[in-house]
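The values are calculated or read from the model by the stated rules, or taken from the named source; none is laboratory data. No experiment lies behind these values; they were computed from the predicted model shown. Cβ: placed from backbone, ideal geometry, glycine included. Neighbour counts: every protein chain shown. With ligands, DNA and RNA removed, areas are computed over all heavy atoms of the protein, side chains included. Shrake-Rupley method; radii C 1.70, N 1.55, O 1.52, S 1.80 Å.
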Amino acid sequence: MLPGRIHDPEQSRQLLARLEQHMGLYGYRSFFVPIIEDADLFLIKAGDQIINQLFTFERHGRQLALRPEFTAAAAYYYAQQFGEGAPVMRWQFSGTVFEDTDRGARERLSAGAELVGLAGPAADAEIIALAALGTTVLGCSEWRLTIGHAQIIRQVLARYEFDSRTERFLLHHLPLFRGATADSPAVIERLDSFLDQHNRDEMPDRLQFRTLALDETRPAQFVGGRTQEDIARRLHQKQQRRARRADIMDAIRVLSRWIHLKHDDPAGAFPFMRSLAAGDPRLGAVVDEWSQTIELLRSYQLPDDHIRIQPDLARSWDYYTGIVFELTAPDGVRLGGGGRYDELVQLVGGQRSVPAVGFAYYLDALFSRLPVPDADETVSVVLVCDSTSARQAVEWAQALRARGIRTVLLSGASDERQQHGGPLRRLVVTDSGAVMWQDSTYQLDHLPDLVTDLIGG
Amino acid sequence: MDTMTTLALPSKGAIADPTIAFLRDCGLRVEKPNQRQYTGILPAIPSIAVLFQRVNDVLYKVADGTAQLGITGLDVVYEHPHEDIVIVHDRLGYGHCSLVVAVPELWVDADNMLDVAEIALDFREHKRRNLRIATKYPTLTRQFFHRQGIHHFTLVNAEGAIEAAPTLGYADIIVDLTQTGTTLRENHLKVISDGIIVESQACLIANRVTLKNDPAVLQDLRILLEFIDGALNGRNYYQVTANIAGENPQVVAQKVALNVATRGLQGPTIAPIFGVDRPPAGDQFWFTVTIIIAASDLLPAVEHLRAIGGTQTTVTPVRYVFLEQSSSFVRLVEKLHAST
């Protein structure tokens with residue numbers, strides 16, 4: 001059941017049909033995703049913490065789940081079907097997704113698209129435009145687009161070569177850095193608390209460390225999935241961590257400059273970002289690529305004043321690897337979102353990374369903001385008959401349907417409640433095979449006259 | 001015919017024999033008329049019938065009401081939470097083990113759960129896969145790892161030799177029960193310092209709905225708890241008897257009470273000794289002092305009795321200590337009322 005003004009399943013179906021047609025024009029073919037999948041597929045994508053939101057059940061020793069979204073299954077299908085090759089696939093999907101909440105299981109409609117096998121600004125711009133223009137096609141022109149890029153922040157941090165835990169600390173606290181300066185007490189306190197956790201580590205035995213790191217007589221064996229090199233590298237990072245406080249403070253200052261960009265001015269943002277990236281070719285390349293994507297959006301005629309830039313927009317740092325975007329209503333309610341996720345195909349079993357970008361609509365929110373459609377003016381006919389005139393009634397019904405008139409057959413005892421929008425004409429089939437409507441009687445060979453009179457009303 | 005109260009007991013595994021021994025020590029000897037059947041009796045409480053089940057099945061039987069009471073491990077109860085199960089006694093004092101996170105001992109860079117969290121991220125970012133954890137306790141493992149902020153891992157269901165999983169290659173680390181840690185060490189695994197998920201021991205459980213609705217079952221449980229609490233209390237005490245000379249019982253009592261270790265549950269029992277071959281010097285008489293002392297105070301008590309002239313000090317374990325009422329039963333009743 002959709003909230004808001006549109007409750008009619010028929011109206012929902014028509015809206016989805018318009019979306020399908022819109023995405024079909026861009027070459028996106030319908031993709032049918034199983035409703036039931038291995039629960040692990042969704043947990044790998046989103047992290048095990050969503051286990052309580054997944055509608056799971058056990059069957060023959062396997063833990064299964066009703067799909068909460070489409071992307072993971074699409075990536076899995078791609079990984080299974082295309083092995084070494086990486087063809088470009090454009091898929092669109094729509095259907096029901098499921099989640100388990102405190103108040104019980106919930107199902108809702110979802111729709112979206114995935115572009116798999118294509119990297120670069122052109123692919124990113126295509127997906128963003130597809131999503132934004134889809135809302136316009138449905139009749140919602142008042143949307144706002146916020147675009148971020150996960151690689152901007154990651155490249156800023158890459159120059160410091162922090163260990164993954166420190167990077168995660170910084171990513172997790174970006175909202176804090178937005179609201180405070182690097183030297184503010186709140187930031188200092190959080191940083192010192194983080195470093196203090198690691199100060200409690202005991203240093204590994206030096207001899208043990210040297211033996212492990214430098215022993216060339218041992219083959220590079222795997223122990224619980226890790227090699228000696230993995231272990232030695234991390235030991236080195238642990239030892240270095242305590243000495244990096246000044247570097248972390250510097251990283252926070254640099255990050256603050258990025259996340260305090262003027263958001264509503266895409267044109268003005270990029271020269272400023274290029275100046276911030278000066279001296280870092282990789283970071284500069286990311287800014288350039290991002291700039292190309294925004295430029296291409298103008299070619300799709302997305303209005304500049306509908307677009308804002310936010311470098312640290314990333315709903316999940318574990319998942320997005322490039323462009324990230326959100327579609328919102330003017331009041332801030334999310335209508336949809338997506339981004340690039342180049343690692344997912346390999347994570348779900350693919351032999352290598354495959355570039356992929358996609359989005360999904362929050363249809364409940366989107367449909368509730370669409371204008372109420374005009375009343376259905378299609379004429380519908382109810383043909384009433386009894387057992388003696390049943391055969392003639394069928395002939396009349398088929399003849400009317402061939403003329404495009406929606407016709408429902410009712411026996412004399414049936415319920416005549418209106419089920420369709422628009423005017424409903426009640427016709428009675430007589431024993432002689434004629435049809436009576438209002439005060440007139442029609443024979444089957446005078447069908448055109450009846451149709452004219454029905455439409456004329 | 002009155003319906004019996006069914007007590008489910010573990011039929012095999014590490015706590016099976018210790019459960020029978022524990023109940024025997026509580027004065028609740030279990031008889032199994034037919035060794036091939038899964039039923040038994042408690043002669044001390046004729047209205048309780050015994051049903052032997054696997055450790056996990058004890059929980060299921062109590063949850064569905066087939067059995068009204070059961071003894072199993074806390075680890076089993078926490079792994080399979082059920083709203084109709086109430087833990088009546090969580091410290092029966094045997095079956096101790098710990099559910100722990102264990103990693104290969106060659107992971108010299110892994111000391112605590114922060115390290116495990118980083119390694120989980122390393123797996124995802126550099127190896128493009130999740131850290132695999134072999135365990136028979138998916139619920140407890142998930143909750144613990146989530147609390148540690150670790151969300152990217154895959155649980156591998158493993159029955160049997162979980163300790164071998166990292167060596168065999170189908171998991172990277174394990175979460176498993178351990179008692180002494182010997183099996184882990186022999187499989188080249190080490191316990192993460194703050195990776196203890198549950199400290200488990202044997203516990204007594206009951207069906208909450210039955211307890212609220214069936215007074216006969218509640219009464220049987222009360223009797224069971226009297227034996228258990230009485231026996232467990234008894235383990236904490238010794239009965240100490242010593243011969244002490246003094247002018248009169250009051251003087252002897254005052255000397256005994258000078259040390260808090262020898263004040264007893266309420267005070268010493270003092271009785272005159274008759275027909276003594278060697279009477280004490282002066283106008284003193286021999287008295288026997290009997291006190292119940294805390295087990296932890298045994299040596300201080302003996303030292304003090306010696307200091308005040310005590311001789312032939314004998315110590316006997318206490319079989320039961322029955323207080324005004326079973327404290328476990330009182331707590332249970334409060335818990336049942338609180339949940340209505």
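What the table below lists for this structure:
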quantity	calculated
Criterion: touching a residue at least 60 places away in the same chain (Cβ under 8 Å) and over 28 Å from the mean Cα position of the chain (by Cα) - qualifying residue of B:Asp115, B:Asp90, B:Asp122, B:Asp84	B:Asp115
Any pair with Cβ under 8 angstrom, 6 or more apart, that starts in region A:309-332 at a residue that is farther than 22 Å from A:Phe42 by Cα and ends at one that is among the hydroxyl-bearing types (Ser, Thr, Tyr)	A:Ile309/A:Thr146; A:Gln310/A:Thr146; A:Leu313/A:Thr146; A:Leu327/A:Thr135; A:Leu327/A:Tyr361; A:Thr328/A:Thr146
Single residue of A:Leu133, A:Leu171, A:Leu138, A:Leu145 found to be touching a residue at least 24 places away in the same chain (Cβ under 8 Å) and within 14 Å of chain B (Cβ to nearest Cβ)	A:Leu171
Residue check for B:Thr167: among the hydroxyl-bearing types (Ser, Thr, Tyr) and touching a Leu at 6+ places or on another chain (Cβ under 8 Å)	no
Residue among B:Arg278, B:Arg319 that alone is in a loop (DSSP other than H, G, I, E, B), open to solvent by 40 Å² or more (accessible area, probe 1.4 Å), basic (Lys, Arg) and modelled with pLDDT under 90	B:Arg278
Residue match in region B:13-23 (condition: on the phi < 0 side of the Ramachandran plot, of a type in the set (S, T, N, Q) and under 18 Å from the mean Cα position of the chain (by Cα))	yes
B:Asn112 vs. criteria touching a His at 6+ places or on another chain (Cβ under 7 Å), surrounded by fewer than 23 Cβ atoms within 10 Å (Cβ to Cβ) and facing chain A (nearest Cβ under 8 Å)	no
Out of B:Thr72, B:Thr6, B:Thr39, B:Thr66, sole residue that is β-branched (Val, Ile, Thr) and either over 27 Å from B:Thr210 (Cα atoms) or under 16 Å from the mean Cα position of the chain (by Cα) (or both)	B:Thr72
Answer residue from region A:297-309, given it is within 21 Å of the chain's Cα centre (by Cα) and outside any loop (DSSP other than H, G, I, E, B) and is farthest from A:Leu145 (Cα to Cα) among those	A:Leu297
Tally, over region B:115-155, of residues that are farther than 13 Å from A:Asp48 by Cβ and either open to solvent by 10 Å² or more (accessible area, probe 1.4 Å) or among the small types (Gly, Ala, Ser) (or both)	11
Residues located in region B:202-229, provided they are under 22 Å from B:Thr340 (Cα atoms) and either outside any helix (DSSP H, G or I) or among the aromatic types (Phe, Trp, Tyr) (or both)	B:Leu204, B:Ile205, B:Ala206, B:Asn207, B:Asp214
Yes/no for B:Val240 being aliphatic (A, V, I, L, M), surrounded by 13 or more Cβ atoms within 10 Å (Cβ to Cβ) and not in a strand (DSSP E or B)	no
Test result for B:Thr180, without any contact (Cβ under 8 Å) to a residue 60 or more places away in the chain, away from chain A (no Cβ under 14 Å) and not in a strand (DSSP E or B)	yes
Any hit, region A:266-285, residues being closer than 30 Å to A:Val348 by Cβ and open to solvent by less than 20 Å² (accessible area, probe 1.4 Å)	yes
Among residues of region A:309-333, those that are over 26 Å from A:Leu347 (Cβ atoms) and surrounded by fewer than 17 Cβ atoms within 10 Å (Cβ to Cβ), counted	4
Residue list for region A:105-126, restricted to those being out of contact with any Phe, Trp or Tyr (no Cβ under 6 Å at 6 or more places or on another chain) and either within 22 Å of A:Ile323 (Cα to Cα) or part of a loop (DSSP other than H, G, I, E, B) (or both)	A:Ser110, A:Leu115, A:Gly117, A:Leu118, A:Ala119, A:Gly120, A:Pro121, A:Ala122, A:Ala123, A:Asp124, A:Ala125, A:Glu126
Per-region count, region A:322-357, residues within 24 Å of A:Phe272 (Cβ to Cβ) and in contact with a Gly (Cβ under 8 Å, 6 or more places away or on another chain)	7
Count - residues of region A:23-47 that are within 17 Å of A:Phe98 (Cα to Cα), part of a helix (DSSP H, G or I) and either in contact with a strand residue (DSSP E or B) (Cβ under 8 Å, 6 or more places away or on another chain) or of a type in the set (A, V, I, L, M, F, W, C) (or both)	6
B:Ile196 among the β-branched types (Val, Ile, Thr), more than 14 Å from chain A (Cβ to nearest Cβ), part of a strand (DSSP E or B) and open to solvent by 50 Å² or more (accessible area, probe 1.4 Å)	yes
Some residue of region A:221-230 being within 13 Å of another protein chain (Cβ to nearest Cβ), modelled with pLDDT under 85 and in contact with a strand residue (DSSP E or B) (Cβ under 6 Å, 6 or more places away or on another chain)	yes
Total residues in region A:48-60, condition surrounded by 18 or more Cβ atoms within 10 Å (Cβ to Cβ), touching a helix residue (DSSP H, G or I) at 6+ places or on another chain (Cβ under 9 Å) and in contact (Cβ under 8 Å) with a residue 24 or more places away in the chain	1
Condition broken by B:Val100, with the remaining ones in (1) touching an Asp or Glu at 6+ places or on another chain (Cβ under 9 Å); (2) within 13 Å of chain A (Cβ to nearest Cβ); (3) farther than 30 Å from B:Leu211 by Cβ satisfied	(2)
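Yes/no matrix, rows are residues, columns are (1) assigned to a loop (DSSP other than H, G, I, E, B); (2) away from chain A (no Cβ under 11 Å); (3) within 17 Å of A:Thr166 (Cα to Cα):
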residue: B:Ala120; (1), (2), (3): no, no, yes
residue: B:Arg129; (1), (2), (3): yes, no, no
residue: B:Ala134; (1), (2), (3): no, no, no
residue: B:Gly149; (1), (2), (3): yes, no, yes
residue: B:Ala164; (1), (2), (3): no, yes, no
residue: B:Val175; (1), (2), (3): no, yes, no
